[in-house]
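K.L.:
Structure provided below as structure tokens; questions to follow.
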């Protein structure tokens with residue numbers, strides 16, 4: 001244990017100065033997700049809009065970050081431009097270990113810089129520098145320049161936004177170290193609203209480890225579990241794209257704006273197809289030996305006779321679903337080139353793909369024309385989509401500005417709500433059934449990772465709303481604890497309660513080790529209280545008609561079952577988010 | 001005598017498991033810098049990784065530069081580190097031609113001691129302990145000097 005409280009760097013971009021706060025509550029909120037909500041309650045402004053300069057942008061790590069394998073992710077917490085409510089987004093890369101080695105449990109950024117700026121944070125360094133000359137640059141170009149401006153390869157994390165973030169898009173991601181992202185819910189837009197083009201985190205501090213041999217021994221044992229054949233083959237070999245064929249077989253892979261849930265053309269964009277023909281290499285988040293990041297290549301001829309350029313593009317299941325199957329693009333290289341366009345402008349690839357799928361069907365139905373879309377969108381035709389991605393990222397006209405706020409918002413204006421594939425935000429790639437649709441549409445961060453609804457659908461034939469909602473609530477609490485450590489969720493099969501207790505205990509976090517279940521539930525409640533305090537009304541959630549029309553391996557969706565699930569889950573969320581009658585003593589006694 | 005080599009760095013995924021293993025096991029620290037092996041990207045994540053590591057010089061310029069005998073020539077190349085003798089002058093790091101000696105904020109030097117304890121933590125077999133190519137031709141003069149300063 002480095003300390004029994006949190007050390008939080010708070011930077012005001014308006015003045016370019018920072019302070020280091022001591023924040024108590026380690027045993028109550030642990031770190032990561034719990035700390036993010038805790039700090040939002042301390043520094044956030046629930047009643048003011050997401051782009052109020054005083055709103056905080058929070059990056060938080062956990063007690064196990066860097067100490068054990070796959071404890072390698074950072075939680076970003078903010079008021080989201082997507083729905084103007086509290087949200088979280090999680091990313092890997094180097095930022096988690098970089099924050100650890102800055103000796104910070106969290107970085108809180110408030111204020112708005114007077115000019116476009118970069119923030120550089122280190123263990124013994126803080127500067128806010130003018131970066132107006134970087135404004136407008138795409139993700140790749142700005143990365144190259146930042147690497148020259150802030151030397152320190154290997155132990156430096158670079159978080160940056162593209163044009164989408166600069167113009168406040170609700171679909172703008174924060175790119176982390178080129179191949180990872182705080183993808184969802186518009187964190188990039190929050191950075192843009194603060195005139196913050198990039199954050200450079202340089203971790204240079206060192207910490208003494210426990211004297212006993214127990215820690216090193218436990219590390220070795222966890223490391224062996226993480227690199228066992230099963231984990232490595234699952235996430236390192238084909239990686240998450242292995243799911244494309246599996247879900248397609250189950251009729252759960254959304255195709256062409258979810259008009260279909262299976263297509264034999266999946267063979268062109270399967271995990272095997274990508275690995276066999278496009279995979280260059282794997283890379284990893286710092287502190288993770290699994291190395292699940294798959295880098296493919298795109299080779300483009302830009303002139304006759306033999307003038308080529310090549311790009312390296314990271315791929316995963318979700319991006320392939322979003323700009324492959326969902327847009328009807330079945331050539332793996334075309335899918336990669338479209339992902340590359342999305343990367344450049346700094347959009348969340350899932351939101352961008354699903355929103356453009358809605359726009360394509362709206363064109364088919366005559367709701368939209370090229371006057372709005374500026375490109376003849378047709379399922380399967382990659383070139384107009386590349387143009388549309390550029391327009392969406394840059395907010396090229398009123399239509400794209402509205403679409404960048406979410407497909408359902410565009411549908412409310414133009415029509416076409418029935419086929420907007422939005423579940424709280426643009427859907428993740430799982431047409432697995434009623435439980436998942438209910439879970440993502442109502443979930444805390446509207447992520448497929450909030451809870452395991454997609455796996456529940458696959459494991460349970462019976463329709464028992466009470467059991468299903470109980471599962472969602474319990475599973476969410478367990479995940480909330482893991483994302484407070486902050487673990488990669490790929491490791492959730494290894495980091496079970498007993499092992500987590502052992503890890504925490506070895507480092508001296510004995511109170512946390514003894515209260516994992518209770519603390520997970522407390523963090524779950526705290527997050528929901530925070531979300532509800534910023535205006536969330538679960539009863540207002542809509543599950544568009546398209547989801548009710550899905551037919552998968554189980555057969556057609558049961559709308560009545562989905563409605564019952566929604567009703568129960570809404571009540572569960574309201575119960576979880578009800579303000580505590582008594583102040584939690586664990587959260588009192590904070591010292592600035 | 002064997003030395004640590006990095007023959008398969010093309011396979012490196014940049015996980016830092018080796019650096020963390022060295023810091024944890026050899027130095028009892030949590031760090032990705034206070035270690036004998038440090039991983040850097042060669043100009044961004046798209047260009048692959050390099051290992052900053054002692055190449056086992058014999059004679060070792062860092063040992064020659066050390067004024068207190070804290071860095072002592074190791075048979076087979078590289079150095080043996082006598083931490084208690086170190087006065088934190090940083091001359092070893094300045095003398096290293098390949099930037100393999102890391103100085104922390106207190107100017108404490110960290111360098112590979114060729115113990116090989118990082119090797120099992122590389123998930124892709126980038127690292128290997130191999131017989132030193134420099135073992136056969138030690139400089140007798142340097143060797144005797146090293147003996148003189150060894151307690």
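K.L.:
Using the basic label-point model (7 angstrom from Cα toward the beta carbon), what is the residue B:128 to residue A:115 distance in nanometres?
P.N.:
5.4
K.L.:
Taking the Cα centre of each part, how many Å lie between the range A:50-124 and the range A:192-257?
P.N.:
18
K.L.:
Residue B:104 to residue A:213: FRET efficiency via 1/(1 + (r/R0)^6), r the Cβ-Cβ distance, R0 30 Å, to the nearest 0.05? Before the final figure, lay out the partial values.
P.N.:
Working: r = 24 Å, r/R0 = 0.79.
Efficiency, from the Cβ-Cβ distance: 0.80.
K.L.:
Rank these for me by crowding, B:32, A:255, A:135, going from fewest to most other beta carbons within 10 Å. Mind showing how you got there, number by number?
P.N.:
Values: B:32 27, A:255 24, A:135 16.
Fewest to most other Cβ atoms nearby, the residues stand as A:135, A:255, B:32.
K.L.:
Do the sum for chain B: with -39,500 (n - 2.57) for every DSSP H run of n ≥ 4, divided by all residues, what is the mean residue ellipticity at 222 nm, to the nearest 500 deg cm²/dmol? Kindly include the intermediate steps, with their values, before the conclusion.
P.N.:
Details: 4 runs with 29 residues, N = 151.
Only helices count here, giving -5000 deg cm²/dmol.
K.L.:
Work out, step by step, the length gained on full extension between residue A:224 and residue A:467: first 0.36 nm times the residue separation, then minus their alpha carbon distance; give nm to one decimal. Don't skip to the end; give the middle numbers.
P.N.:
On the way: separation 243, 0.36 × 243 = 87.48 nm, distance 3.52 nm.
Contour length minus Cα-Cα distance gives 84.0 nm.
K.L.:
Got a sec? How would B:84, B:29, A:365, A:567 order by Cβ neighbour count within 10 Å, fewest to most? If you can, show how the numbers build up before the last one.
P.N.:
Details: B:84 8, B:29 19, A:365 12, A:567 15.
The order, fewest Cβ neighbours first, is B:84, A:365, A:567, B:29.
K.L.:
Can you tell me the relative contact order of the range A:303-453? Whole percent, Cα pairs under 8 Å, sequence separation 6 or more. Don't skip to the end; give the middle numbers.
P.N.:
Values: 194 pairs, mean separation 29.3, N = 151.
Rounded, it is 19 percent for the range A:303-453.
K.L.:
For the pair residue A:2/residue A:297, report the inter-label distance in nm, with labels modelled 7 Å from Cα in the Cβ direction.
P.N.:
Result: 3.9 nm between the two label points.
K.L.:
Next question. Taking only C-alpha pairs under 8 Å that are 6+ residues apart, what is the relative contact order of the range B:3-87 in percent? Present the calculation step by step, with values, prior to reporting the outcome.
P.N.:
Values: 128 pairs, mean separation 17.5, N = 85.
Answer for the range B:3-87 is 21 percent.
K.L.:
Can you give the mean number of other chain Cβ atoms that lie within 10 Å of the Cβ atoms in peptide B:16-26?
P.N.:
5
K.L.:
Another one. In percent, how large is the relative contact order of chain A, given Cα pairs closer than 8 Å and 6 or more residues apart? Don't jump to the answer; show the numbers that get you there.
P.N.:
Numbers: 1327 pairs, mean separation 100.0, N = 592.
Relative contact order here is 17 percent.
K.L.:
Is there a simple number for the mean count of other chain Cβ atoms within 10 Å of the Cβ of residues in A:215-225, and what is it? Please list the in-between numbers first.
P.N.:
Working: counts 3, 4, 0, 0, 5, 5, 0, 0, 6, 1, 0.
Counting Cβ atoms of other protein chains within 10 Å of each residue's Cβ and averaging gives 2.
K.L.:
While we're looking at this one, here's another question. May I ask you to sort A:455, B:132, A:87, A:80 by Cβ crowding, counting other Cβ atoms within 10 Å and putting the fewest first?
P.N.:
Numbers: A:455 15, B:132 20, A:87 32, A:80 25.
Arranged by neighbour count, lowest to highest, A:455, B:132, A:87, A:80 become A:455, B:132, A:80, A:87.
K.L.:
Using only DSSP helix segments of four residues or longer, with each worth -39500 (n - 2.57), what per-residue ellipticity at 222 nm results for chain A after dividing by its residue count and rounding to 500?
P.N.:
Values: 24 runs with 227 residues, N = 592.
Value at 222 nm, helices only, nearest 500: -11000 deg cm²/dmol.
FYI, it's all coordinate maths here, none of it is from the lab. The structure displayed is predicted, hence computed values, not measured ones. Reconstructed Cβ throughout: ideal geometry from the backbone, glycine too, with neighbour counts over all protein chains shown.
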